[in-house]
Amino acid sequence: MNSAEKGRATINDVAAKAQVSKKTVSRVINNETNVKQETRERVQQAMSDLNYFPSLSARSLASKRSYLVAMLYFDLHAHYLHQLQSGLLDHFSTRGYSLLLHPCEGDNDTILQNLERKARYMNIDGFVLVPPLVHMSSLVSLLKQLDKPYVRIAPKEEHDGFSEVLCNDEQAAYELTQHLIQKGHRQIGFVKGAADCLAASKRYDGYLRALKTHHLPLDPTLVFEGDYDFTSGVAAGQHLLSLVRRPTAIFCSNDNMAAGVLNVAHAKGLSVPNQLALAGYDDSPLAQQIWPALTSVAQPGRKMAEVAANKLIDKIENIENAEYPQNIGCDIKYRASTQSELSLASLVEPA
């Protein structure tokens, strides 16, 4: 009677059933690349048949890894971060790693002290940084000092092309601005995001490219400096909708600011979309909760999480020459807030 028949199966049982060596089973468990696909599938089938689960402690001793990675976050209630978290959990699990969620709270010194203590004590293999922590240079410097692999999602600048995951904000903003132009709009306002964010500048670049493509001049009075929150959206709406030649369409760099603009439009008695087309970015739940439902750009959160997870594990396991998309495409959700053709009536303030 073998151990599988007695109770819990062992790696020796898996090797015997798959007719391979114990070392080959270990290579499959550790997701090493130098295993033929047919052999890998045979070992995986044997593990499934025997209900075999490798011991994490044994794997850690053999590889000197913890198989634990951490996502560093500041505000997990943000819709975007929920998408990233669920995607990271799925893809790290697929490759045999566990994900630790590590909140970064307090001042910079407190954040760095807590992170260093946890990184050393728990022997965390690698880190995923998400906004706004990707902009914290002292945090990146600490990870380099600790010789810990990391990947940053949507940072404000690109370093080496392998430590970052970016989506194509510029192209999405271009396509959405073009959508407004094709609806007949020529006076298109733009509300910027936070000045220190790469995504914010890329979205503005896409807006500018669409204007240039359609030979429309940039009117600086139609551009407002926002800060990604509802309050700055209200300020943008109060400014833009009080202009003598007010915009007939406004594109906001996120949904929160678009909601602020919509609040002002309703207060002024403007009909959306008949007198004002309005678009946002992020496709947060808010986009479908407000009235009218908001046209918005859906960021590829789960795809970005997949790329981030695979990039980080490849760095941890020293896997080279893997190819990844540099800019992941976004999806535009066209809704009622822009679904009206421009007419002369839209240029007239209600009585």
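The values are calculated or read from the model by the stated rules, or taken from the named source; none is laboratory data. Model, not experiment: these values are computed from the prediction. Reconstructed Cβ throughout: ideal geometry from the backbone, glycine too, with neighbour counts over all protein chains shown.
Residue under question is Ala154, and the condition is that it be in contact with a strand residue (DSSP E or B) (Cβ under 8 Å, 6 or more places away or on another chain), under 25 Å from Leu286 (Cβ atoms) and in the same structural domain as Tyr80 (by TED's automatic domain parsing); does it hold?
Judged against the criteria, Ala154 is a match.
Can you name the condition, by its number, that Ile316 falls short on among (1) out of contact with any Pro (no Cβ under 9 Å at 6 or more places or on another chain); (2) within 20 Å of Val165 (Cβ to Cβ)?
The failed condition is (1).
Going through Leu166, Leu146 one at a time, which residue ends up being modelled with pLDDT under 95, surrounded by fewer than 19 Cβ atoms within 10 Å (Cβ to Cβ), in contact with a helix residue (DSSP H, G or I) (Cβ under 8 Å, 6 or more places away or on another chain) and among the hydrophobic types (A, V, I, L, M, F, W, C)?
After applying the criteria, what remains is Leu146.
Being in contact (Cβ under 8 Å) with a residue 60 or more places away in the chain and surrounded by fewer than 19 Cβ atoms within 10 Å (Cβ to Cβ) is the filter here, so list the residues in the stretch 95-118 that pass it.
Arg95, Gly96
Just to be sure, is Tyr121 modelled with pLDDT under 85, aromatic (Phe, Trp, Tyr) and either within 20 Å of the chain's Cα centre (by Cα) or surrounded by 20 or more Cβ atoms within 10 Å (Cβ to Cβ) (or both)?
Judged against the criteria, Tyr121 is not a match.
Within 27 Å of the chain's Cα centre (by Cα) and in the same structural domain as Ala287 (by TED's automatic domain parsing): which single residue out of Ser242, Ser253 fits that description?
Residue meeting the stated conditions: Ser253.
Residues are listed down the side, and each one gets a yes or a no for (1) crowded, with 20+ Cβ neighbours inside 10 Å; (2) in contact with a Leu (Cβ under 7 Å, 6 or more places away or on another chain); (3) within 20 Å of Gln339 (Cβ to Cβ):
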position	(1), (2), (3)
Gln171	no, no, no
Ile188	yes, yes, yes
Cys197	yes, no, no
Arg209	no, no, no
Pro220	no, no, no
Phe224	yes, yes, no
Thr248	yes, yes, yes
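Could you pull out the residue among Ala308, Ala277, Ala267 that is farther than 20 Å from Ala173 by Cα and crowded, with 20+ Cβ neighbours inside 10 Å?
Among Ala308, Ala277, Ala267, only Ala308 is farther than 20 Å from Ala173 by Cα and crowded, with 20+ Cβ neighbours inside 10 Å.
Here is a list of conditions, (1) buried (at least 16 other Cβ atoms within 10 Å of the Cβ); (2) outside the structural domain of Ala309 (by TED's automatic domain parsing); (3) at pLDDT below 90, and His135 meets all of them except one; can you say which number that is?
(2)
I'd like the full set of residues that are in a loop (DSSP other than H, G, I, E, B) and closer than 20 Å to Ala259 by Cα, limited to the stretch 310-342.
Hits for the stretch 310-342 are Tyr334, Arg335, Gln339, Ser340.
Within the stretch 177-186, take every residue that is on the phi < 0 side of the Ramachandran plot and either out of contact with any helix residue (DSSP H, G or I) (no Cβ under 8 Å at 6 or more places or on another chain) or of a type outside the set (A, V, I, L, M, F, W, C) (or both) and give me the one that is surrounded by the most Cβ atoms within 10 Å (Cβ to Cβ).
By that ranking, first place goes to Thr177.
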